[in-house]
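Let me begin by presenting the structure, written as structure tokens, before commenting on it.
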Amino acid sequence: MALLHVQDLKTYFFMRGGVVRAVDGVSFEVERGQTVGIVGESGSGKSVSCYSILRLIDEPGRIVGGSVMFDGEDLLQATNSRMREIRGGRISMIFQDPMTSLNPFLRISTQMVETLRLHTDLDQRAALHKAIAALEEVGIAEASKRIHSYPHEFSGGMRQRVMIASALLTEPDLLIADEPTTALDVTIQAQVLDLLKQRQERLGTAIILVTHDLGVVAGTCERVNVMYAGRDVESGTADQIFYDPHHAYTQALQKAIPSLQTKGDLLYTVPGMPPDLSKPVQGCAFYPRCPYPKLAPPDGPPPELVVLTEGHCAQDCQYCDRSKPIEDVLTSDVTEAFE
Amino acid sequence: MAKFIALRFLQGLLVLLAIYAITFFLVAATPGSPFSSERAIPPHILAQIEAFYGYDKPVLERFWTSLTNTLSGEFGPSAVYANRSVTDIIAESFPVSLKLGSISLLAALLIGIPTGIVAAVRRNTWLDYVPMSVSMAGICLPTFVMGPLLALVFGLILRLLPVSGWYGPEYIILPAATLSLYYAAYFARLTRGGMLEMLNQDFVRTARAKGVPEWTIVWKHCLKGGLIPAITFLGPALAGIISGSFVVETIFQIPGLGQWFVKAALNRDDFLILGLTVLFAALIVVMNLLADIAHVALNPRLKYE
Ligand SMILES: Nc1ncnc2c1ncn2[C@@H]1O[C@H](COP(=O)(O)OP(=O)(O)OP(=O)(O)O)[C@@H](O)[C@H]1O
Ligand SMILES: [Mg+2]
């Protein structure tokens, strides 16, 4: 049985102007020790999905449906005190911005020891020792001295290392990493990802890696879930998503990987804007931006996910003419966008 | 940190010096003198009196003597109350005002800060709406309305508390309530704002993701930062409580500094005005200094700048 099984998760925000369907039926599985990527552009609901797993959704947001089975237990039904045991104990989380995710008013030592004291029987001294060892393992020099510093005394990359060390302190079964490298320099991004992989191999932690860069996913994840407008549009192994993308949106994302671009120095971006999530989706949410020739105006419920090959599914869209070779369509679109 | 304190201390001294000089020359430039009264005083006696108080000297020389006297702790005689020095008057009335002021400030903090914290944590519930509406009313009512109102209700209608004089603990309650309600309301709103800002920070989400219980997040992760606006307001609050005491001490007939200050101004009691002004200014400077130090102590990012 999978370690984590998210099934038809729905999280809506009940705003004055209407209901924002930030996550609207997301499903995926994570096996023990596996790394699963969640990819999608800004606003597609990646973070909200992650927060929903740990039930970290605040008003006006609410998880309105689905289940989150973690090791045989539905987290959406668990009591609050049970959730506090799981958070930071069996499931840890690291966030996009290491500058603001650590508390600037508390020493690193206080923040790391706190986690250990909450989830283990270690006393203050033993917890501090363990925290220092964890900092050393993520490559922070003079950890026994620097652990007593405040977050602002560290650089961004160093802080993300601190975050990783803190999150792995309790040796959780699952680590949710919400764009852990987006706020960092490109050179440091690779270091941090390497570190994450290396720690994962030591501890056997499963990782959910959120990113909007399909390139990051290719090197780190076994499976990938592509999200668009709060839904899964495609999921498969990293190779399937990377080399054989089926959905037009996945194809567009693939085109947007900087290293795969062929057209000079120009960067391909997916044309158009993500849809307004407070309006109900008519048929395919990607339809207005889809580069394929349009066949019929979309209506009815969004397309079902269909299995393409073993382990690879995608929304099966009926509104566009998929027979034209993608290369032509996308390239012409790219050149149009540039001219 | 030591450098910062020393710097602020020096600044404070300069401010005090400036206030002293400004007050002195303003008083000296005001027409009339402490000794002009309705009763005609024979000129030679007036000259004697003026010589006794040093008013026959040029103004700059008077300023210098007065300043050096003050620095050595001697504020001079009262120009109106014969045989009483300003120091005597202060020694007698300062404890009264200090007691009233510190009880009021303490009450304001003890009521305002917890109310603000609870309102922020339980935002948009009745625990937020009720205290915040009450505090809005508290802020809108000036002390000269609040004082008589409280005196009317609790003193004259309910006959629970005395409304004037200064004899026992029960005499403190109404004036202190008058003074502190406004500041309690203010502290509550400031604390609520500060705490809300902290509770919306990313690090709160991190703490929740670590499994930290809600109230631990409040007092361990958010309180330090959330109190900064309230702490910063301590200096102005003290200043306000002091100037509020002019009104309140007059309403409730309390023999404190505020009442003396009003008398001194009405009687043109030059030395007393000067002495009390410097004392008030010193209090405010010291409180601001303490508030600054607390601010730095609460915020680690400021320590190194
Ligand atoms: N607190 C909130 N209140 C209202 N709407 C919200 C809230 N948080 C998220 N949303 C909405 O949910 C949608 C998905 O947001 P989410 O943060 O999950 O996107 P994301 O995929 O993580 O994007 P990014 O790459 O920018 O992090 C957004 O359209 C956003 O408007
Ligand atoms: Mg996000």
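Quick check on A:Ile57: is it within 16 Å of ligand 1 (Cβ to nearest atom) and more than 29 Å from A:Ala252 (Cα to Cα)?
For A:Ile57, the condition - within 16 Å of ligand 1 (Cβ to nearest atom) and more than 29 Å from A:Ala252 (Cα to Cα) - is met.
Out of everything in region A:99-118 that is hydrophobic (A, V, I, L, M, F, W, C) and at the interface with chain B (Cβ under 9 Å from one of its Cβ atoms), what residue ends up being most open to solvent (accessible area, probe 1.4 Å)?
Checking each candidate, the answer is A:Met99.
Residues in region A:191-215 that are within 21 Å of A:Ile241 (Cα to Cα), at pLDDT below 85 and of a type outside the set (D, E, K, R): how many?
3
Check whether at least one residue in region A:245-258 is within 15 Å of ligand 1 (Cβ to nearest atom), in contact with a His (Cβ under 9 Å, 6 or more places away or on another chain) and either outside any loop (DSSP other than H, G, I, E, B) or within 14 Å of another protein chain (Cβ to nearest Cβ) (or both), and report yes or no.
Yes, that holds for at least one residue.
Testing A:Gln77 on (1) within 13 Å of ligand 1 (Cβ to nearest atom); (2) surrounded by fewer than 17 Cβ atoms within 10 Å (Cβ to Cβ), one condition comes back false. Which one is that?
(1)
Inside region A:185-217, can you point out the residues that are of a type in the set (A, V, I, L, M, F, W, C) and open to solvent by less than 20 Å² (accessible area, probe 1.4 Å)?
Once the filter is applied, which keeps residues that are of a type in the set (A, V, I, L, M, F, W, C) and open to solvent by less than 20 Å² (accessible area, probe 1.4 Å), region A:185-217 yields A:Val192, A:Leu195, A:Leu196, A:Ala206, A:Ile207, A:Ile208, A:Leu209, A:Val210, A:Leu214, A:Val217.
Which condition from (1) under 30 Å from A:Leu122 (Cβ atoms); (2) modelled with pLDDT of 90 or more; (3) within 16 Å of ligand 2 (Cβ to nearest atom) is the one that A:Ser166 breaks?
Here A:Ser166 clears every test but (3).
Pick out, from region B:190-305, the helices (runs of 4 or more DSSP H) lying fully within it that include 1 or more residues that are within 14 Å of chain A (Cβ to nearest Cβ).
B:202-209, B:223-226, B:228-251, B:270-298
Which residue pairs have Cβ atoms under 8 Å apart, sit 6 or more places apart or on different chains, and have a first residue in region A:277-292 that is more than 18 Å from A:Tyr12 (Cβ to Cβ) and modelled with pLDDT of 80 or more and a second that is within 16 Å of ligand 2 (Cβ to nearest atom) and in a loop (DSSP other than H, G, I, E, B)?
Final answer for the pair search is A:Phe286/A:Ala229.
Looking only at residues that are open to solvent by 40 Å² or more (accessible area, probe 1.4 Å) and within 14 Å of chain B (Cβ to nearest Cβ) in region A:1-60, which one is nearest to ligand 2 (Cβ to nearest atom)?
By that ranking, first place goes to A:Asp58.
What single numbered condition from (1) buried (at least 19 other Cβ atoms within 10 Å of the Cβ); (2) at pLDDT below 85; (3) more than 30 Å from B:Val118 (Cα to Cα) fails to hold for B:Glu305?
Of everything listed in (1) buried (at least 19 other Cβ atoms within 10 Å of the Cβ); (2) at pLDDT below 85; (3) more than 30 Å from B:Val118 (Cα to Cα), B:Glu305 misses just condition (1).
Under 8 Å between Cβ atoms, at least 6 apart or on separate chains: pull out the pairs that start in region A:195-216 with a residue that is within 13 Å of ligand 1 (Cβ to nearest atom) and end on any residue that is at pLDDT 90 or above and part of a helix (DSSP H, G or I).
Pairs that qualify, where the first residue is within 13 Å of ligand 1 (Cβ to nearest atom) and the partner is at pLDDT 90 or above and part of a helix (DSSP H, G or I), are A:Ile208/A:Cys50; A:Ile208/A:Ile53; A:Val210/A:Lys46; A:Val210/A:Ser47; A:Val210/A:Cys50; A:His212/A:Lys46.
So A:Tyr150 ticks every box in (1) within 14 Å of another protein chain (Cβ to nearest Cβ); (2) within 16 Å of ligand 1 (Cβ to nearest atom) but one. Which box is left unticked?
(2)
For region A:140-161, does any single residue satisfy the condition of being in contact (Cβ under 8 Å) with a residue 24 or more places away in the chain, surrounded by 20 or more Cβ atoms within 10 Å (Cβ to Cβ) and touching a strand residue (DSSP E or B) at 6+ places or on another chain (Cβ under 9 Å)?
The answer is yes, given that some residue of region A:140-161 is in contact (Cβ under 8 Å) with a residue 24 or more places away in the chain, surrounded by 20 or more Cβ atoms within 10 Å (Cβ to Cβ) and touching a strand residue (DSSP E or B) at 6+ places or on another chain (Cβ under 9 Å).
Go over the candidates B:Leu71, B:Leu67, B:Leu16, B:Leu60 one by one and state the one that is under 23 Å from B:Ala282 (Cβ atoms) and loosely packed, with under 12 Cβ neighbours inside 10 Å.
B:Leu71
So, B:Leu238, is that one within 20 Å of B:Ala18 (Cβ to Cβ) and buried (at least 24 other Cβ atoms within 10 Å of the Cβ) or not?
Criteria not met by B:Leu238.
Look through region A:80-98, keep the residues that are open to solvent by 20 Å² or more (accessible area, probe 1.4 Å) and more than 8 Å from chain B (Cβ to nearest Cβ), and return whichever of them is nearest to A:Arg62 (Cα to Cα).
Filtering first and then ranking leaves A:Asn80.
Of the residues A:Ile108, A:Ile91, only one is farther than 17 Å from B:Ile217 by Cβ, of a type in the set (Val, Ile, Thr), more than 16 Å from ligand 2 (Cβ to nearest atom) and in contact with a Lys or Arg (Cβ under 8 Å, 6 or more places away or on another chain); which?
A:Ile108 is the lone residue from the list that is farther than 17 Å from B:Ile217 by Cβ, of a type in the set (Val, Ile, Thr), more than 16 Å from ligand 2 (Cβ to nearest atom) and in contact with a Lys or Arg (Cβ under 8 Å, 6 or more places away or on another chain).
On the given criteria, is B:Gln253 over 19 Å from B:Tyr20 (Cα atoms), open to solvent by 40 Å² or more (accessible area, probe 1.4 Å), among the polar types (S, T, N, Q) and in contact with a Ser or Thr (Cβ under 9 Å, 6 or more places away or on another chain)?
It is true that B:Gln253 is over 19 Å from B:Tyr20 (Cα atoms), open to solvent by 40 Å² or more (accessible area, probe 1.4 Å), among the polar types (S, T, N, Q) and in contact with a Ser or Thr (Cβ under 9 Å, 6 or more places away or on another chain).
Condition first: in contact with a helix residue (DSSP H, G or I) (Cβ under 7 Å, 6 or more places away or on another chain) and over 18 Å from A:Cys317 (Cβ atoms). Now tell me which residues in region A:224-257 satisfy that.
A:Val224, A:Ala238, A:Phe242, A:Ile257
Name every residue in region A:61-74 that is open to solvent by less than 10 Å² (accessible area, probe 1.4 Å) and within 14 Å of ligand 1 (Cβ to nearest atom), in order of residue number.
A:Gly61
The values are calculated or read from the model by the stated rules, or taken from the named source; none is laboratory data. Being a predicted model, the structure only gives us computed values, none of them experimental. Using ideal geometry, Cβ is built from the backbone for each residue, glycine included, and neighbour counts are taken over all protein chains shown. Protein only, heavy atoms only, side chains kept; ligands, DNA and RNA dropped before computing areas. Shrake-Rupley method; radii C 1.70, N 1.55, O 1.52, S 1.80 Å.
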